[in-house]
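Read through the structure below, which is laid out as structure tokens, and then see the notes.
Any read-out appearing in this document is the output of simple, stated calculations on the displayed coordinates, not a laboratory observation. Since we're looking at a predicted model, the values are computed, not measured. We place every Cβ from the backbone using ideal geometry, glycine too, and count neighbours over all the protein chains shown.
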Amino acid sequence: MQYDPTNIFAKILRGEIPCHKIYEDEHTLAFMDVMPQVEGHCLVIPKKPSRGLLDADPAVLAHLMTTVQTVATAAKKAFNADGIQIRQYNEEAGGQTVFHLHVHILPMKSGVPMKPHSGKMADHEALAQHASMILDEMK
Ligand code: 5GP
């Protein structure tokens, strides 16, 4: 399947729709998931387009995972998490809903289950605060 540049993350990259940005560099962008399944749920995407992991340029994956490691380390500290879950889905059958490669970072606390997808957007003030809490731990 071809990459479709009208997907929501491509729009975020082009600045056509807003996001609660945590971090950006030449190759990657990290921002809050608008429907978080745990507190601090965030996403990292490469700027170079690909639908998923399988059609990505391997050089892009190196940059992507470096940013994932940096943001996950900060998110673990920011939310006082006991662990971090990393998730990445490919194609509809693989659970993907937005067809621009992305990695989920989920700060997990012992005994606190992950919420199912609510389909509802989180409070924007809370998301902005969470983005700045993660960024603060990257400084
Ligand atoms: P997937 O199932 O494709 O791995 O997950 C896509 C993720 O993107 C979901 O967790 C969903 O909550 C998130 N998402 C969908 N639309 C938007 C949006 O417009 N902005 C942000 N920040 N996240 C989104």
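Which value results when the Cα radius of gyration for the chain is divided by 2.2 N^0.38 Å? Walk me through the numbers before you get to the answer.
Numbers: Rg = 14.2 Å, N = 139, 2.2 N^0.38 = 14.3 Å.
That works out to 0.99 for the chain.
List, in the order given, every pair from LYS11/LYS120; LYS11/LYS47; LYS11/LYS109; LYS76/LYS139 whose Cα-Cα distance in the structure shown is over 22 Å. Before the final figure, lay out the partial values.
On the way: LYS11/LYS120 20 Å; LYS11/LYS47 11 Å; LYS11/LYS109 32 Å; LYS76/LYS139 14 Å.
Beyond 22 Å between Cα atoms: LYS11/LYS109.
Give the order of TYR3, TYR89 when sorted by the count of other beta carbons within 10 angstrom, beginning with the fewest. Walk me through the numbers before you get to the answer.
On the way: TYR3 14, TYR89 17.
Neighbour counts put them in this order, fewest first: TYR3, TYR89.
About its Cα centre, what dipole magnitude does segment 50-135 give when the only charges are +1 on Lys and Arg Cβ and -1 on Asp and Glu Cβ, stated in debye to the nearest 20? Display every interim value, and only then the final one.
On the way: 7 positive and 7 negative charges, 64 e Å.
Rounded to the nearest 20 debye, it is 300 debye.
Ranking ARG87, ARG14, ARG51 by Cβ neighbours within 10 Å, fewest first, what do you get? Don't skip to the answer; put the middle values down first.
Working: ARG87 14, ARG14 9, ARG51 19.
Ascending number of Cβ neighbours within 10 Å: ARG14, ARG87, ARG51.
Please state the Cα pair-distance histogram of segment 1-74 with 10 angstrom bins from zero: what percent is in each bin?
18, 52, 29, 1
Go ahead and set up a Gaussian network model of the chain, Cα springs under 10 Å, then flag whichever of LEU29, LEU43, LEU53 fluctuates most.
LEU53
Out of residues 5 or more away from TYR23 or on other chains, whose amide H comes under 5 Å of its own, with H placed 1.01 Å from N in the peptide plane?
For TYR23, the qualifying residues are ALA30.
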